[in-house]
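Written below as structure tokens is the structure these notes are about.
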Amino acid sequence: MGEKMTKEVDQQTKEYTVKICRVKLNVSDQDYISAVKLRGFLGSLFVDDVEFHHHSERSYHYPLVQYKRVNSDLLVLGFQDYASVLMNKLSVVDSISTRRGSFRVDSQEMTLSTWIVRNVGCCYDFVTPWLALNEVNYSNFKYCDREAQKVFLEKILVGNTLSCLKGLGIFVDYRIEAYIVSFRSFCVSAHGNPFEAFTARFFLNVDLPDFIGLGKSVSKGFGTIRRALL
């Protein structure tokens, strides 16, 4: 009887974990290096590993290596199996080559951790532009009024979150819900084309790690989230 009850409790308190390697790069010319330039260099350096450049003929999957520029910080994140892969590969990188020249990596701040994904309400901000829309849903979105646009984006945000969790190998047994507190749209350039992007503050009923990406082009630094300072 006691063993049965223990098993039931274990099932009820099931934890989903994410292995994370977060690397902050301090570069000699920090202002010039963008997330896209960093991805281009490391993707070429580790060209034999598709996860570093994400150029493949196979169908899309959630990137397990993501490049970020948040304010002035250059970050590279590796998730799950790519946490240890990233740690090993970046430990030998001492410069970044671009069309302008080679830039010295003065130092790296590297952390390896495990994050527990829990079913709790959390408030987040997008700290890099969120690419939520494609050509099809953009044409529907632009004809909605403000409230309908918010609901529209909330549904997309739920889908983005589910795609993220699936890519991490996590299949939760509860319904993901999103509530957008505020949002603002603006134009950005991505893939050489103009896109409507968003900044937003929102609630999710799932506890995600800081600096993970949601939406399109997260490997290039878009859609980066961070816990909101309330």
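Each residue, V47 and T17, gets one label point 7 Å from its Cα in the Cβ direction; the gap between the two is 3.7 nm. Against the criterion of solvent-accessible heavy-atom surface with a 1.4 angstrom probe, W130, W115 sort, most first, into W115, W130.
With the charge dipole of the chain set up from +1 on Lys and Arg Cβ and -1 on Asp and Glu Cβ about the Cα centre, the Cα lying farthest toward the positive end among the listed residues M87, Y174, Y67 is that of Y67. Measuring gaps between exposed loop sites in the chain (GluC sites (Glu not before Pro); DSSP loop; at most 10 other Cβ atoms within 10 Å), the longest gap, sites not included, is 58-230. The heavy atoms of T111 offer some 80 square angstrom of accessible surface to a 1.4 angstrom probe. Annotation: F46 carries an accessible surface of approximately 30 Å², with a 1.4 Å probe and no ligand, DNA or RNA atoms counted. Would you kindly state the longest site-free stretch of the chain, with sites defined as trypsin sites (Lys or Arg not before Pro) in a DSSP loop (not H, G, I, E, B) surrounded by at most 15 other Cβ atoms within 10 Å? That would be 176-230. Each Lys and Arg Cβ is given +1 and each Asp and Glu Cβ -1; about its Cα centre, the chain then shows a dipole of about 360 debye. Taking 7 Å steps out from each Cα toward its Cβ at Y32 and E147 produces label points 5.2 nm apart. Beyond 22 Å, how much of the Cα-Cα pair distribution for the stretch 49-120 remains, as a whole percent? The proportion of pairs with Cα distances above 22 Å equals 33 percent.
Residue pairs exceeding 32 angstrom between C-alpha atoms, taken from K89/K166; K89/K150; K19/K216; K68/K142; K37/K166; K89/K216: K89/K150.
For the stretch 64-134, the fraction of 1.4 Å probe accessible surface lying on carbon and sulfur atoms is 46 percent. Ordered by 1.4 Å accessible area with all protein chains kept, H53, H61 run largest first as H61, H53. For the stretch 95-219, the dipole from Cβ point charges (+1 on Lys and Arg, -1 on Asp and Glu) about the Cα centre works out to 300 debye, to the nearest 20. Treating r as the C-beta distance of R99 and I170 and R0 as 41 Å, the FRET efficiency rounds to 0.60.
Once the 1.4 Å probe is applied to the protein heavy atoms, the stretch 56-117 comes out at 57 Å² accessible per residue. Relative contact order of the chain, taken over Cα pairs closer than 8 Å and 6 or more residues apart, is 26 percent.
The values are calculated or read from the model by the stated rules, or taken from the named source; none is laboratory data. Not measured: the values here are computed from a predicted model. Here the Cβ is made from the backbone with ideal geometry for all residues, glycine too, and neighbour counts use every protein chain on show. What goes into the accessible areas is simple: the full protein's heavy atoms, side chains included, and nothing from ligands, DNA or RNA. Shrake-Rupley method; radii C 1.70, N 1.55, O 1.52, S 1.80 Å.
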